Each structure stands twice: as C-alpha cells, then as structure tokens.
Amino acid sequence: MDKVKISKTMSLILRHHPEKYNIHLDKHGWASIDEMVTNLKTKYPHFSKEILFEIVKEDKKQRYSLNENKDKIRANQGHSISVDVELKSMIPPDILYHGTAIKFLDSIMQQGLLSKNRLYVHLSKDVDTAIQVGQRHGKPVVLSIDCKSMINQGYVFYLSENGVWLTKNVPVQFINIF
Ligand code: HQG
C-alpha cells in the first residue's frame with residue numbers, strides 16, 4: 001500500500017480536482033470520508049478508513065484536517081478551487097521567505113509573486129523550508145519578503161492550520177533575493 005501515492009491523490013482531490021473522483025466538497029472544502037474511501041477504492045482497492053486516518057496522522061506537513069466527528073476531511077492549504085477553509089488572518093513575522101526556482105526569478109522581479117493556479121502565494125517562516133519548496137521547481141533560490149512594510153500598507157496575511165503563511169500577492173517592492 002503506497003501511502004505517498006494515495007496522499008498525492010487525496011491532495012489532488014481536496015485541493016484541485018474533486019470531480020475527477022466524483023467527490024463533493026462543501027463550501028469550506030470538506031469532503032465526506034466515506035465518499036473518499038469508497039471512490040478511491042476504484043484506484044486503490046485496499047484503501048480504507050484506517051489507512052486514511054494513518055495518512056492524515058503521519059503526514060509530515062500536516063496537510064489535512066479532520067472535523068470533530070471524524071467523518072469529514074479537508075486540505076489545510078494549497079487549493080486552486082475556490083473554497084473557504086476559514087483561514088485566520090494574522091500578523092506575520094517581519095520577514096517571511098519564498099522558495100522558488102532561478103528560472104522564475106526574472107518574471108517574479110517584474111511581476112511580483114503571483115498565486116498562479118493556487119488561491120494564495122505560499123510563504124515559509126524559515127529558509128530551509130523555503131529551499132525545499134523551491135527545489136520542487138528546479139535550482140532553488142530564496143526570496144525574503146518584507147512583511148512588516150506589507151502590513152503597514154494594508155496587505156493581509158493568513159496562517160493555515162499547518163503553519164503555512166498565505167497572502168494574495170507580493171508586489172516587487174517587498175521582495176529581496178536572500
Ligand atoms: C512561481 C507545496 C513566474 C512561484 C509547497 C512558484 C508549498 C512565479 C510557482 C505549496 C511568479 C508556483 C506551494 C511570477 C510566482 N512569475 N513565476 N510572477 N509568481 N511564481 O507549486 O509556492 O507539498 O503553485 O515562485 O511546500 O511552489 O503540495 O507554489 O515557484 O507550501 O503540500 O510559481 O505546495 O506543498 O508553484 O508551493 P506552486 P509553491 P505541498
């Protein structure tokens with residue numbers, strides 16, 4: 001049973017394409033666990049509720065939340081589909097980091113950081129995490145984001161349940177190469 005593979009499919013469903021597995025997300029991004037298990041069994045016959053709970057518990061980035069009754073699951077961040085996961089608006093540290101690939105640098109320094117196909121730009125609180133995020137796209141580069149100035153100018157930040165900082169976009173004047 002390849003839990004990593006199943007988790008990737010769960011993320012795909014909960015963040016981007018629930019329709020691919022005929023799964024319904026409510027407006028807060030929750031999916032029924034029974035529906036997830038039943039519909040994912042078409043691809044992973046040995047999948048079960050117990051395995052889903054193990055995946056949620058063991059996930060290193062804590063990507064998923066369960067509701068109180070433990071009958072619904074949602075992704076904590078990373079969505080491209082427009083659901084309201086009830087993010088808390090928070091004042092960030094003065095500096096946050098964004099890991100990206102060198103090949104995107106010119107474009108970022110012209111346009112600022114855009115959320116691309118997600119709802120938010122994802123920011124990390126430490127450089128090591130940012131390097132790991134950037135490596136997913138190629139040779140990494142870390143940008144430091146002047147959140148203090150952004151807050152002073154009225155930009156809004158959110159902290160996801162699993163500790164990822166999110167904001168709608170970051171204009172060029174707040175970005176420095178770290
Ligand atoms: C780049 C993973 C050109 C941006 C990670 C990034 C994260 C631009 C890419 C989460 C640009 C989008 C999100 C511009 C932004 N011109 N490129 N103007 N503005 N970009 O995957 O932040 O494992 O959507 O720098 O850990 O890499 O999936 O965002 O390189 O937390 O849970 O466009 O995904 O988490 O890529 O990653 P992504 P991301 P999970």
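The values are calculated or read from the model by the stated rules, or taken from the named source; none is laboratory data. Computed from a prediction, not measured in an experiment: that's the story for all the values here. Glycine also receives a Cβ, built like all others from the backbone with ideal geometry; neighbour counts cover every protein chain displayed.
In table form, for the structure just shown:
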read-out: Top-ranked residue of the range 132-165 - restricted to ones that are within 11 Å of the ligand (Cβ to nearest atom) and surrounded by fewer than 17 Cβ atoms within 10 Å (Cβ to Cβ), ranked as nearest to residue 90 (Cα to Cα); value: 163
read-out: Subset tally (residues that are within 20 Å of the chain's Cα centre (by Cα) and at pLDDT 95 or above) for the range 88-108; value: 14
read-out: Flag for residue 76 being of a type in the set (S, T, N, Q), closer than 19 Å to residue 25 by Cβ, near the ligand (Cβ under 8 Å from one of its atoms) and under 19 Å from the mean Cα position of the chain (by Cα); value: no
read-out: Check on residue 35, surrounded by 14 or more Cβ atoms within 10 Å (Cβ to Cβ) and acidic (Asp, Glu); value: yes
read-out: Complete set of residues in the range 107-131 that are crowded, with 19+ Cβ neighbours inside 10 Å, near the ligand (Cβ under 6 Å from one of its atoms) and more than 20 Å from residue 14 (Cα to Cα); value: 108, 113
